[in-house]
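Working notes, beginning with the structure itself.
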Amino acid sequence: MSKRKALSFEEKRKRLCDLFHESKDFYQLKELERQAPKIKGIVSQSVKEVVDSLVSDNLVNCEKIGTSNYYWSFPGTSKIQKEEKIKQLKKEIKEQQKLQKEYEKNIEIASSQRVPSEAREKNLEILKEELEKNKKFKEEIKKYEDCDPVIIEQKRKESEKAKEAANRWTDNIFILQSFCNNRFYVTPKDFCKNFNIPEDLDTID
């Protein structure tokens with residue numbers, strides 16, 4: 001019998017994310033260490049490292065309730081995080097472009113004077129660094145845009161996707177609300193108040 005091929009770390013991350021999204025449930029670490037090997041073929045010894053990396057990348061949520069940590073991730077979390085990352089990168093590119101223009105202006109002034117100076121050399125060096133940063137930001141944002149099928153789909157059907165996403169997250173909130181009510185006796189009213197959620201929240205028809 002051939003030996004089963006070991007899973008890569010990225011494959012473990014993907015499978016653990018799938019476990020959360022498929023079950024739409026909340027887990028303690030010990031529960032994940034029991035379920036992940038049976039359902040997704042992830043060895044229990046590596047579950048903690050994998051889930052910690054997902055929490056670090058904001059793909060899985062972790063909250064301490066009482067004395068225990070609870071982990072969860074609903075469908076759509078990855079999409080939201082990617083959109084936030086793209087938004088952040090675009091903002092950083094805009095800031096870098098602004099700095100770049102300022103340095104180019106300073107260099108242009110220094111060059112027109114034709115007088116070598118430490119300030120001119122420093123501006124040239126800074127501009128070079130900023131151009132390199134700008135290039136890296138553009139490469140990273142392109143990586144997210146090219147590999148994210150959700151964004152491609154949104155271009156084709158933007159309004160419908162927005163509606164589905166809103167309703168999905170509304171359902172997720174209701175799931176969390178029900179969990180807190182059943183497990184910790186938190187009333188729906190108190191839940192909405194604590195998380196600043198409108199009491200009349202409902203899905204979009």
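Filtering the range 184-194 to residues that are without any contact (Cβ under 8 Å) to a residue 60 or more places away in the chain and either in a helix (DSSP H, G or I) or surrounded by fewer than 14 Cβ atoms within 10 Å (Cβ to Cβ) (or both) leaves TYR185, THR187, PRO188, LYS189, ASP190, PHE191, CYS192, LYS193, ASN194. Selection over the range 53-75 of residues that are closer than 30 Å to LYS161 by Cα and either in contact with a strand residue (DSSP E or B) (Cβ under 8 Å, 6 or more places away or on another chain) or assigned to a helix (DSSP H, G or I) (or both) gives a count of 12. Here LEU29 clears all of (1) exposed (fewer than 14 other Cβ atoms within 10 Å of the Cβ); (2) under 23 Å from GLN177 (Cα atoms) except the condition numbered (1).
A short reminder: the numbers here are calculations on the coordinates, not readings from a lab. All values reported here derive from a predicted model rather than from experimental measurement. Glycine gets a Cβ as well: all are built from the backbone with ideal geometry, and neighbour counts include every protein chain shown.
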